[in-house]
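The values are calculated or read from the model by the stated rules, or taken from the named source; none is laboratory data. In this text the structure is predicted, and so the values were computed from the model without any measurement. Neighbour counts are summed over all protein chains in view; Cβ atoms, including those assigned to glycine, are modelled from backbone coordinates with ideal geometry.
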């Protein structure tokens, strides 16, 4: 690694401190007895946390466990009701965002918080220039700063490219570089791998590793167990505002994760559907033959039977989402689709609805919900044709239907006329499910049905999915969550580079084998 | 947060009602002899509908999350077209029946104008503001071209009846406007198109993934806007018995003001016909009241603007408090 | 940026279109290619061009201002009337300064609602537009005013270049183009070279990130709407000089035409996008077409329809081009 003089000095300094003053001086961040209450709700209670220089710590917890509150306290957005924050030996009762930045705390938000309309160089260097108090923009200096930041994480990016033209991973690198050049000592990354392909994740790990060697500590917020164990030295789990676990990654029993996060044992009941043999299985409800879409997938063929839950898995970018959308009538495709043995012309969402196909999108907030609208509207929007006459309806009918589904799916809500925004993530996902169930579908396509949903809710949603299948609906689950695929699906298709490379019954494959299958798929990417 | 926003929308109506009652009482008290007369109500009922129709047109598009700057353009062009057809078919001497093709042509061109907007917005994907900014110039411009830049006059008396006649003592424009606003209320509350319009306006991506035919919703919306605008054009020409291409060009932004004051959220997805009605009646009472009290006419503009700011700040302050 | 990249920019595209139209016009009527005509176009660009710079800054910040014409009229009428009655010999710089100050102060009203309270700019300026022109007409004056300060009249005759043309008359380039040039340079400097200008792009491009980076949105927007106000004030004075009287009914109602010019200048409007080069080309395109219909023997009543067509075709072409560049 080529170090610039400035950093060399910094890291020398770090070694010096390490040797002379002992272990205690290596503590970067210490949080002591932090409590925070929001309108009577205890978001954090008496939480302690210590992060050493150059340490990678993974923070886990369900939604509402207090982890985002803790991050906001460390970065100075919220001030704690009780307790103190010690950064680099300086004690703060209250921390302002400016102080946090000065002490070297940088957050890489899930949306990266970058400016899509500005160049790479400007995005990286802007905060530094802004804080220098300069009134004029020194483009030369801007490029130097950006170059230095990218060098430090050993990445090259076109400095003049508009950030909106970069792929997701590139945007993340810009965000990291921007944090680093502001003299970051602690980088907090919120779910950094969600939108990355396997290769990009590997590259990110290398960057984190490099930072660690430079003495930068990283707090990593994640849901994905595999990566937690790969990257972290320490694991911290929060539940209901309390720290329930703080352990070395090496000694932590990974099977206990769900227990720590939810506080209860969750029994895993695999879906017990066995495809009847060739003679008695009858017609599939969906048969796909030689389906192709330009730049997305080629020659996909499979069948789906009633009561079956078919899993389609693969790394991000393998064509799984495009395939799901094609089955839902989005995008131009070639090949044939048969529903109940009859060729189906599927070119629009209106077509698919006629064939009884429903689709639960991955991005619940943007693609699935009308947040400010009442649950009634959210639930009935796809089945509106069913109620009233051809062109007219009465609101009463909609409310009756909505009430039915609220009960059926055990959705916790104050009432059908409450806006969807008042619900928790798990309940919101159930609303999106209810929307399609209300259309009496024969086939449901679920794209990553439990992304961003609590572990507790996740299991409930899995039970609902299995229950729906038992009632005769054919279900396709698309997900890269290996545990989910294995517990929910009866049969699994593995996709890589737009092709199906393996078909296997879920009882015949273990989690490790499936993971290997996915990684090998990624390695073959060109 | 969003729950507060949700309740705010009904709060907006309550505030609007309060403003309406206040102005009504104030003006009744300040100018009882002139305001509380049949004549004054009749004059209000004649002036209000033109702007009212344009506000309905603007409001429908606002609910879809877009904006229609071309409503006056459509009104002007269809007014001029109707006028030219009547003139061609005999002018003042013509029989009453010539108004039928004239009106049909005006409505037809309004429909076409709406379709063009829809093609640009839903088909080409232009931002509604840009598309209708262009068509606004185009339609007004075509109105000027058709009339060669001068006023067109001379229509059969039956045509003037539309804008100036009355039925059971109620001016015909007012009857038409009340019908239209009830129609709007019905469309928004009872039709499936109305339901889909609200959903589209709230979140076009989610409505797309929910199987709503977004293109169709936009086409219907812009076409309604076009047709309703052309009715405003017919009324205008009929009332003043002249078609002139620069008449009423200031109505466009006023129609938007009325819609927003009436609680139609410019970011889309919410709004009610009753709010629109309250808003326009309030503004009309203010301008008529000022007129009767011999208050400088320009104070009217000022008050309209102040009302809009007042209700926005009022909403804002409440939001802060909660 | 190399040559190939330059040819791909939307500004280059716009320039090509303008040149093509120019060449066609020259063939139809050779008089089009005369110094006199070019000077006329330049002068006609002054008002729209200066206002467009203000609109551009507002659009970049992610807002929309519908009140700038009302502000311009307010500043124009109040300054003309005040100095016309009290100090007719006021020098032009003083008048301009006063108008800019008045415009900026009136712009503060917008700033208060938009920057301080965070209300949507579109609704606020819809309201303030009515309020400001109402105030002007009700309290400052609702009649045309002819006895404007002498320096304004003098300015209207100030030509910096005067060339004898073939017909024996004179082709004059009016001095106001210097002011236009100055405003363009100033705005370009602001948007490209200053941290404040870059902050405007940040706030427009991603308001949430801007706050996280520590930018003060309130201050930035406060500046933006005051800038627009100041620009409007300046245009008010120029307008009086051009018209040789102050007519409070002028300008208001033409807001959208200025916005249209800005819009033609870039593939995407609003929030964090746009530059002065594109904007001025947009202004040039519209002005050129507006000015040349007469020379092309097209009746003037075609003007508005043609402008409408240009806006539709222009924005559609920009969008389609942009989309193709994204997919390619």
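Exactly one residue among B:255, B:243 is closer than 25 Å to residue B:165 by Cβ, within 13 Å of chain C (Cβ to nearest Cβ) and in contact (Cβ under 8 Å) with a residue 24 or more places away in the chain, and that residue is B:255. Taken over the stretch A:351-363, the criterion of being more than 9 Å from chain B (Cβ to nearest Cβ) and in a helix (DSSP H, G or I) is satisfied by A:351, A:354.
If we scan the stretch C:90-109, do we find a residue that is within 14 Å of another protein chain (Cβ to nearest Cβ) and free of Cβ contacts under 8 Å to residues at least 24 places away in the same chain? The answer is yes; a qualifying residue exists.
Take the conditions (1) within 8 Å of chain B (Cβ to nearest Cβ); (2) under 30 Å from residue C:207 (Cβ atoms); (3) without any contact (Cβ under 8 Å) to a residue 60 or more places away in the chain; residue C:259 misses just one of them, which is (3). Filtered by the rule that a residue be under 14 Å from residue A:477 (Cα atoms) and within 14 Å of another protein chain (Cβ to nearest Cβ), the stretch A:298-350 gives A:321, A:324, A:325, A:327, A:328. Of all residue pairs spaced 6 or more apart or on separate chains, those with beta-carbon atoms under 8 Å, a first member in the stretch C:285-301 that is within 14 Å of chain B (Cβ to nearest Cβ) and a second member that is exposed (fewer than 14 other Cβ atoms within 10 Å of the Cβ) and not in a helix (DSSP H, G or I) are C:293/C:299; C:299/B:148; C:300/C:294; C:301/B:148.
The set of residues in the stretch B:271-290 that are within 14 Å of chain C (Cβ to nearest Cβ), crowded, with 23+ Cβ neighbours inside 10 Å and more than 13 Å from residue B:51 (Cβ to Cβ) contains only B:271.
Can you find even one residue in the stretch C:143-162 that is within 14 Å of another protein chain (Cβ to nearest Cβ), surrounded by fewer than 17 Cβ atoms within 10 Å (Cβ to Cβ) and in contact (Cβ under 8 Å) with a residue 12 or more places away in the chain? Yes, the stretch C:143-162 contains at least one residue that is within 14 Å of another protein chain (Cβ to nearest Cβ), surrounded by fewer than 17 Cβ atoms within 10 Å (Cβ to Cβ) and in contact (Cβ under 8 Å) with a residue 12 or more places away in the chain. Counting only residues that are in a loop (DSSP other than H, G, I, E, B) and either out of contact with any strand residue (DSSP E or B) (no Cβ under 7 Å at 6 or more places or on another chain) or closer than 30 Å to residue A:168 by Cα (or both), the stretch A:308-338 holds 12 of them.
Being out of contact with any strand residue (DSSP E or B) (no Cβ under 6 Å at 6 or more places or on another chain), within 14 Å of another protein chain (Cβ to nearest Cβ) and at negative phi: is that true of residue A:281 here? Spell out the reasoning first.
Values: out of contact with any strand residue (DSSP E or B) (no Cβ under 6 Å at 6 or more places or on another chain): yes; within 14 Å of another protein chain (Cβ to nearest Cβ): no; at negative phi: yes.
Considered against the rule, which asks whether it is out of contact with any strand residue (DSSP E or B) (no Cβ under 6 Å at 6 or more places or on another chain), within 14 Å of another protein chain (Cβ to nearest Cβ) and at negative phi, residue A:281 comes out as no.
For the stretch C:29-43, filtered to residues that are over 16 Å from residue C:161 (Cβ atoms) and touching a helix residue (DSSP H, G or I) at 6+ places or on another chain (Cβ under 9 Å), the residue that is surrounded by the most Cβ atoms within 10 Å (Cβ to Cβ) is C:32.
All of (1) farther than 24 Å from residue C:193 by Cα; (2) within 11 Å of another protein chain (Cβ to nearest Cβ); (3) surrounded by fewer than 20 Cβ atoms within 10 Å (Cβ to Cβ) hold for residue C:244 with one exception: (2). The residues of the stretch C:110-122 that are under 15 Å from residue C:255 (Cβ atoms) and at the interface with chain B (Cβ under 10 Å from one of its Cβ atoms) amount to a single one, C:122. Filtering the stretch B:155-191 to residues that are assigned to a helix (DSSP H, G or I) and within 14 Å of chain A (Cβ to nearest Cβ) leaves B:183, B:185, B:186, B:187, B:188, B:189, B:190.
Matching residues to (1) assigned to a helix (DSSP H, G or I); (2) buried (at least 19 other Cβ atoms within 10 Å of the Cβ); (3) modelled with pLDDT under 85:
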position	(1), (2), (3)
C:249	no, no, no
C:252	no, yes, yes
C:258	yes, yes, no
C:271	no, yes, yes
C:274	no, yes, no
C:283	yes, yes, no
C:287	yes, yes, no
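Can you say whether residue C:125 is touching a residue at least 12 places away in the same chain (Cβ under 8 Å), away from chain B (no Cβ under 14 Å) and within 18 Å of the chain's Cα centre (by Cα), as far as the supplied structure shows? Answer is no for this residue.
How about the stretch A:364-453: which helices (runs of 4 or more DSSP H) wholly inside it have at least 3 residues that are more than 9 Å from chain B (Cβ to nearest Cβ), over 24 Å from the mean Cα position of the chain (by Cα) and surrounded by 20 or more Cβ atoms within 10 Å (Cβ to Cβ)?
Details: elements: A:375-380, A:395-408, A:425-437.
Filter on the stretch A:364-453 gives A:375-380, A:395-408.
Quick one: would you say residue C:191 is within 11 Å of another protein chain (Cβ to nearest Cβ), within 17 Å of the chain's Cα centre (by Cα) and surrounded by fewer than 24 Cβ atoms within 10 Å (Cβ to Cβ)? Spell out the reasoning first.
Details: within 11 Å of another protein chain (Cβ to nearest Cβ): yes; within 17 Å of the chain's Cα centre (by Cα): yes; surrounded by fewer than 24 Cβ atoms within 10 Å (Cβ to Cβ): yes.
In short, yes.
Of all positions in the stretch B:192-204, at least one carries a residue that is surrounded by fewer than 21 Cβ atoms within 10 Å (Cβ to Cβ), at the interface with chain A (Cβ under 8 Å from one of its Cβ atoms) and in contact (Cβ under 8 Å) with a residue 12 or more places away in the chain.
Quick check, is residue C:313 assigned to a helix (DSSP H, G or I), within 11 Å of chain B (Cβ to nearest Cβ), buried (at least 23 other Cβ atoms within 10 Å of the Cβ) and at pLDDT 85 or above? Spell out the reasoning first.
Details: assigned to a helix (DSSP H, G or I): yes; within 11 Å of chain B (Cβ to nearest Cβ): yes; buried (at least 23 other Cβ atoms within 10 Å of the Cβ): no; at pLDDT 85 or above: yes.
Judged against the criteria, residue C:313 is not a match.
Filtered by the rule that a residue be surrounded by fewer than 21 Cβ atoms within 10 Å (Cβ to Cβ) and not in a loop (DSSP other than H, G, I, E, B), the stretch A:469-486 gives A:470, A:483, A:486.
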